[in-house]
There are 2 protein chains.
Amino acid sequence: MPTKKVNPKKDKNAETKIKDAARSVFHKKGFAATRTRDIAEEAGINLALLNYYFRSKEKLFQIIMKETMMQFMHSMVSNFNDTETTLNRKIELIADAYIDLMIAEPEIPLFILSEIRANINDFFDSMPLGKVLLNSTLVKQYKEAQAQGVIADLKPIQFIMNLMGLIVFPFVAAPMLKKIGDIEKEDYEKLMLQRKTLIPIWIESILQP
Amino acid sequence: MPTKKVNPKKDKNAETKIKDAARSVFHKKGFAATRTRDIAEEAGINLALLNYYFRSKEKLFQIIMKETMMQFMHSMVSNFNDTETTLNRKIELIADAYIDLMIAEPEIPLFILSEIRANINDFFDSMPLGKVLLNSTLVKQYKEAQAQGVIADLKPIQFIMNLMGLIVFPFVAAPMLKKIGDIEKEDYEKLMLQRKTLIPIWIESILQP
DNA sequence: GTCTATAACGTGATAGAC
DNA sequence: GTCTATCACGTTATAGAC
């Protein structure tokens, strides 16, 4: 059995190189602004190989889009439906997981929002996200807490908007906010890490009855 | 002196029709995904007229982008720098103005965020938004309140992220949130109107020391 | 599997008649 | 000012040699 190579870049075959490059370029520029030549160049392969392996730009994009959505939704769905954790703890875990993900891949949220708008039905047809969130354990616990009167009377969807807005918006608007605040990348990440602990506190104070 | 026509669509000349169509299509699809033929069709004019009046797609886009940024920044800068209003009142006015604007033109926030990312330096070079917000009256009042210990110790930029996130995110993510919550356009607008009064309350409770 | 060369197509832009 | 016809170019995709 051959030992795994140490350098992860060196032992990648052409197909993997193309996919990785495609992910990077699509995430940064979106479908329409991306040229297949950009991807080939970034991957360091011949342009014809892209079509050889993936048939078309469209098909390659669909693969990347699907994987990216899955990656983004996965921790959401699993965190939202954990039956072992309290409401407050879930909020901590969600903030933690998403901020880590977006520090690692800051292009993802704006990519998803832009491409979903361009192609709204394609994705929701193939993944019935529809009722998943509103039937989640998190929302059940939220409604229960409301019935007990321990949190404010606020629609679940408003609560989710607040939670996601506080978590995601600073990443979606990062280029603008960095300019406004004259903040370097490393300092911006520190601000985001602070928000991991602050957001659960803020959400709690918002929900005070 | 000729009386103004009643129907605003009928008396528009070709140049105005093109600009209005361009704004609409660019806002919806962004620069890269927009074809000049889309604009011409939407405007109901001949494709050649677009170049006759605006020279190029690029030039036309720059005009739209500049106007849109101005529209979006205008109420921000003026509200942020009003010396007659208290901090709490400013937050109310900002939420009110922005939610009204985005109900009227829901495509604007995602358009701006996407195109700024694609073209980050072009815009901030021509409009020195840099220090405008952090030197604003609002931020001065915010710091003053902190010095007096009446609000929590939280960096101004974090405060602005929260405020903007709570206001803007539901519009940026509207297509996704509508699907998740199974919400129609009119009901979604009602939720947004509720947030006008809720956001100032939430911000206040977040800032509780 | 990988390359070069080129076909096929879409899009931005213009020439020139009216 | 407005139109038709067309050019010029960039981009996606493929044929065919190796």
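Here the stretch B:38-64 is the region considered, the condition is being out of contact with any helix residue (DSSP H, G or I) (no Cβ under 6 Å at 6 or more places or on another chain) and part of a helix (DSSP H, G or I), and the residue that is farthest from DNA strand D (Cβ to nearest atom) is B:Gln62. Is there a residue in the stretch A:36-51 that is at pLDDT 95 or above, away from DNA strand C (no atom under 12 Å from the Cβ) and within 17 Å of A:Glu115 (Cβ to Cβ)? Yes, some residue in the stretch A:36-51 is at pLDDT 95 or above, away from DNA strand C (no atom under 12 Å from the Cβ) and within 17 Å of A:Glu115 (Cβ to Cβ).
For A:Met69, the stated conditions hold: it is within 14 Å of chain B (Cβ to nearest Cβ), surrounded by 15 or more Cβ atoms within 10 Å (Cβ to Cβ) and either over 24 Å from A:Tyr142 (Cβ atoms) or within 16 Å of DNA strand C (Cβ to nearest atom) (or both).
Yes/no matrix, rows are residues, columns are (1) closer than 30 Å to B:Ile108 by Cα; (2) in contact (Cβ under 8 Å) with a residue 40 or more places away in the chain; (3) not assigned by TED's automatic domain parsing to the domain that holds A:Pro175:
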residue: A:Ala33; (1), (2), (3): yes, no, yes
residue: A:Asn46; (1), (2), (3): no, no, yes
residue: A:Glu92; (1), (2), (3): no, yes, no
residue: A:Leu113; (1), (2), (3): yes, yes, no
residue: A:Asp122; (1), (2), (3): yes, no, no
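Somewhere in the stretch A:137-147, is a residue at the interface with chain B (Cβ under 10 Å from one of its Cβ atoms) and buried (at least 20 other Cβ atoms within 10 Å of the Cβ)? No; the residues of the stretch A:137-147 include none that is at the interface with chain B (Cβ under 10 Å from one of its Cβ atoms) and buried (at least 20 other Cβ atoms within 10 Å of the Cβ).
Could you look through the stretch A:167-197, keep only residues that are aliphatic (A, V, I, L, M) and within 14 Å of B:Ser114 (Cα to Cα), and pick out the one that is farthest from the other protein chains (Cβ to nearest Cβ)? Out of the qualifying residues, it is A:Ala174.
Taken together, the residues in the stretch B:107-126 that are under 17 Å from B:Lys59 (Cα atoms) and not in a helix (DSSP H, G or I) amount to 1. Being facing chain A (nearest Cβ under 10 Å), in contact (Cβ under 8 Å) with a residue 60 or more places away in the chain and surrounded by fewer than 17 Cβ atoms within 10 Å (Cβ to Cβ): is that true of B:Glu204 here? Yes.
Within the stretch B:19-27, none of the residues are exposed (fewer than 15 other Cβ atoms within 10 Å of the Cβ) and either free of Cβ contacts under 8 Å to residues at least 12 places away in the same chain or within 19 Å of B:Asn119 (Cβ to Cβ) (or both).
The values are calculated or read from the model by the stated rules, or taken from the named source; none is laboratory data. Note that the structure is a prediction, hence the values are computed from the model and not measured. Don't worry about glycine lacking a Cβ; one is built from the backbone with ideal geometry, like all the others, and counts go over all protein chains shown.
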